[in-house]
Amino acid sequence: MIPSEPEDRDVLAGEYVLGLLDTAAMAEVEQALALDADLARRVAFWEERLLPASAAFGTAEVDPTQWARIERDLATRRQAVGRTTISPPSRPRYGAVRAAWRSPALWRATTALATAAAILLAILPSRLSAPAESPTRYFAILQSRDAAGQESGPGWLIQIARNGTVRSLPLAEVRPGTGRSLQLWTLWDQARGPVSLGVLPPGGAIHLPPERLETIGDGQLFEITLEPEAGSPIGRPTGRILFIGRAKGAATQTL
Amino acid sequence: MEPLDHASALEGCARGDRASLRRLYEHEAGFLLAVALRIVRRRDVAADVLHDAFLDIWMRAETFDRRRGAGRAWITTIVRHRALKHVRAAGRETDLDAALGAEIADDTPDPFAALATSQDGARLHGCLAQLDADRRQVILLAYVDGLSQSEIAERLGTPLGTVKAWVRRSLIALKDCLS
């Protein structure tokens with residue numbers, strides 16, 4: 001549980017930087033850092049202010065062959081990432097949860113999925129079973145994300161119409177479990193943090209008021225988290241991120 | 001060596017520019033290896049930590065955000081977390097004494113003394129100096145040597161609950177002093 005009192009947050013951030021948290025608490029902070037800019041700033045404070053204590057020792061002598069080893073392994077890592085767009089489950093496991101809201105990789109992945117989107121668009125009208133009474137303003141393809149924070153391919157499609165109707169289409173099997181729900185969030189202001197667009201009704205649509213619709217822009221992040229049945233009680237995500245991705249403005253021409 | 005703009009180098013890494021990673025390596029590998037060595041206490045393990053950390057830096061560079069913090073602190077955190085992960089997984093208590101004797105027993109500098117003479121360390125030194133010696137040591141044993149709270153309790157012969165309380169109070173005092 002990430003505390004809300006500033007002093008407690010400073011202590012937690014300090015313990016995190018000092019390396020004093022157990023594995024579970026550390027993972028919780030890592031995950032929170034992706035969304036919680038205030039906590040990230042408190043962590044950065046300690047990282048920077050304590051750094052001189054590390055730097056005071058000077059340097060150790062590095063094995064001259066070490067760079068060649070790193071460079072060799074870099075090649076295989078990048079190839080592995082390159083394969084990701086074709087075969088998402090093969091993505092190497094890396095705990096880069098932090099700052100995921102702003103991750104260019106996410107952006108690139110979303111862009112790379114344009115082809116997939118085109119295919120999906122072809123099936124959308126029937127699956128969403130709604131008359132196209134209002135043209136689409138934005139799409140967002142959210143990537144599935146496992147408990148370790150790894151993305152494993154497209155998991156959810158969000159369609160936002162010009163009249164504010166938000167429809168969602170699951171692309172992956174998901175069972176929130178008894179007493180749990182899926183809640184949709186968006187982030188347009190880092191300082192404010194994620195804002196709820198509502199609990200996802202099974203197969204239904206959410207309607208956004210015009211002023212909220214106006215805040216949605218190209219590249220804006222959306223995520224779906226696991227929450228209590230009635231949605232998060234505190235107005236911020238409390239559960240882990242199940243799906244995450246960015247909005248993309250719909251093209252104006254018809255298919 | 002020319003001064004390095006860490007943030008720009010990390011942004012280069014995020015774009016897939018290998019020369020940027022190489023620049024970071026050339027400037028910081030010796031420093032980062034010293035950080036890792038101090039925690040893992042074995043040269044072969046420290047070299048592995050450095051290796052894995054540079055792959056991490058390459059893979060995670062795109063999550064670096066210069067508005068949130070300094071690049072040098074960011075890469076140091078990656079190395080420290082790699083090193084901590086190793087010592088926690090290895091259950092260091094069992095081989096700490098042997099490793100201490102073998103590798104760095106006699107030339108381990110006292111971090112508090114080293115801070116006093118370092119260029120950037122004056123402020124941190126001044127704030128640490130305001131803490132009681134025991135509480136100061138708790139912070140440095142954790143940050144510099146990578147000890148867990150139970151390891152610190154054992155090292156200082158102090159109950160774990162006391163160590164936890166010292167950590168909290170020291171952090172609150174340091175936050176105030178360093179802000």
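Before moving on, here are some points about what is shown:
- Here's the picture: a label point sits 7 Å out from the Cα of residue A:5 along the beta-carbon direction, and within segment B:140-177 the residues with their amide nitrogen under 15 Å of it are B:165, B:168-173.
- The alpha-carbon atoms of segment B:1-46 define a convex hull whose volume equals 89 cubic angstrom per residue.
- Placing dummy labels 7 Å off each Cα toward the beta-carbon, the span from residue B:90 to residue B:117 is 2.9 nm.
- For segment B:108-136, the residues whose backbone nitrogen is under 15 Å from a point 7 Å from the Cα of residue B:158, taken along Cα to Cβ, are B:128-136.
- Selection among A:43, A:16, A:53 by position relative to the dipole of segment A:6-55 gives A:53 as farthest towards the positive end (Cβ unit charges, Cα centre).
- Relative pair counts by distance (%), Cα atoms of segment B:109-179, 5 Å bins: 3, 17, 28, 26, 16, 8, 2, 0
- Ranked by the mean number of other Cβ atoms within 10 Å of their residues, highest first, the peptides A:137-146, A:156-165 come out as A:137-146, A:156-165.
- Largest to smallest principal axis extent of the C-alpha atoms in segment A:6-55, angstrom: 28, 22, 19
- Remark: the residue A:188-residue A:41 segment gains 51.1 nm on full extension, using 0.36 nm per residue and subtracting the alpha carbon distance.
- All lysines inside 25 Å of residue B:85 as judged from Cα atoms, apart from same-chain residues fewer than 8 positions distant: B:164
- In segment B:9-73, the alpha-carbon atoms span a convex hull of 79 Å³ per residue.
Any read-out appearing in this document is the output of simple, stated calculations on the displayed coordinates, not a laboratory observation. Keep in mind that this is a model prediction, so the values were computed, not measured. Here the Cβ is made from the backbone with ideal geometry for all residues, glycine too, and neighbour counts use every protein chain on show.
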